[in-house]
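What follows is a set of notes on a single structure, which appears directly below.
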Amino acid sequence: MTDTRGPALLIQDLRKSFRSPDGEMTPIVDVPEFALAHGEQIALRGMSGSGKTTLLNMVAGILAPDAGRVVVAGREITALTESGRDRMRAETIGYVFQTFNLLQGFSALENVLLGMTFGKGADRPAATQLLERVGLGARLHHKPRQLSVGQQQRVAVARALANRPQLVLADEPTGNLDPRHAREALALIRDVCRENGAALLLVTHDSEALAQFERVDELAHINRAAA
């Protein structure tokens, strides 16, 4: 069945440069065009310095591009004000950070609930159910320091999916995990995205993680600045 809503993600002529210590402007991202369909899962292979985090941060509206447009679920996030981008990110985009970015003074449940407050509002039963889904039903009130690295990753996944986003971004989500927990975390991210109908864009240089995806694109092929 054809999806008449258009792609979950569309990138066109997206560019970002940073000033190097010698004063020269160095291109980091230069993506002519890239698209991701609703429900599709794509892995981008990218080494350190290839611009992958910068690219994801622009897709998420955390970082403004120098030029170009990013359209997520039919809305152009690059055309919004900073507060508008914040609202859209909370409502439409889930982000699994490599370093998890959990609030250390709050429990697993509170971390998910806080993520919900930026979207449609905190929903304790839904947050509890999501944490149970990721295997943390017995750890709801544990703070990050009381959880293993793998369990912290699960909290981060639950928080990213809490507002039922249409697009999930994952930046090296297995980078801090041992091989067994890396496989489990990746399977969890993919399964929960499927259950919620979310598209997934994951960037990594982990060959084992890449092997789990049916579609793998080289970041250097879409990002001319990394070629």
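Only the coordinates and a few stated rules stand behind these numbers; no lab work does. Note that the coordinates shown come from a computational prediction; the quantities given were computed from them, not determined experimentally. Note: ideal-geometry Cβ built from the backbone for every residue, glycine included; neighbour counts use all protein chains shown.
Based on the Kirkwood radius over alpha-carbon pairs, what value in µm²/s does the Stokes-Einstein equation return for the translational diffusion coefficient of the range 31-107 at 4 °C and 1.567 mPa s?
This corresponds to a translational diffusion coefficient of 92 µm²/s.
So how far apart, in nm, are the two label points at PHE118 and ARG194 if each is 7 Å from Cα heading toward Cβ?
The answer from the label model is 2.9 nm.
For the chain, what is the calculated [θ] at 222 nm in deg cm²/dmol (nearest 500), taking -39500 (n - 2.57) for each run of four or more DSSP H residues and dividing by its residue count?
Calculated at 222 nm, the ellipticity per residue is -10000 deg cm²/dmol.
Enumerate the calculated ³J(HN,Hα) couplings along the range 211-222 in order (Karplus 6.51 cos²θ - 1.76 cosθ + 1.60, θ = phi - 60°), each rounded to whole Hz, writing x wherever the residue is Gly or Pro.
Residue by residue, the range 211-222 yields 5, 7, 9, 6, 10, 10, 10, 7, 4, 5, 6, 9 Hz.
When the chain is modelled as a GNM with alpha-carbon springs shorter than 10 Å, which of GLY49, GLY39, GLY135 fluctuates the most?
Comparing GLY49, GLY39, GLY135 in the GNM, the peak value goes to GLY49.
Please report, for the Cα atoms of the range 92-227, the Rg to one decimal and the Dmax as a whole number; what are they, in angstrom?
So, for the range 92-227, Rg and Dmax equal 14.8, 47 Å respectively.
How big is D, in µm² s⁻¹, for the chain by Stokes-Einstein at 10 °C and 1.306 mPa s if Rh is the Kirkwood radius over C-alpha pairs?
After rounding, the answer is 89 µm²/s.
Helix 108-117 against the longest principal axis of the chain: what's the angle in degrees, Cα atoms only, rounded to the nearest 10?
50 degrees
Not counting the cut sites, what is the longest span of the chain without trypsin sites (Lys or Arg not before Pro) that DSSP labels loop and that have at most 14 other Cβ atoms within 10 Å?
Counting only loop sites that pass the neighbour cut-off, the longest clear stretch is 6-119.
If I model a spin label as a point 7 Å beyond the Cα along the Cα-Cβ vector, how far apart are those points for GLN146 and ARG69 in nm?
4.9 nm
I need the GluC sites (Glu not before Pro) found in the range 1-104, filtered to DSSP loop residues with at most 14 other beta carbons within 10 Å of theirs.
Answer by residue number: GLU24.
Connecting C-alpha atoms closer than 10 Å in a GNM of the chain, tell me which of THR26, THR78, THR99 has the biggest fluctuation.
Largest GNM mean-square fluctuation: THR26.
Starting from 0.36 nm per residue, how many nanometres of slack lie between GLN129 and ASP22 once their C-alpha separation is accounted for?
Residue separation times 0.36 nm, minus the Cα-Cα distance, leaves 33.3 nm.
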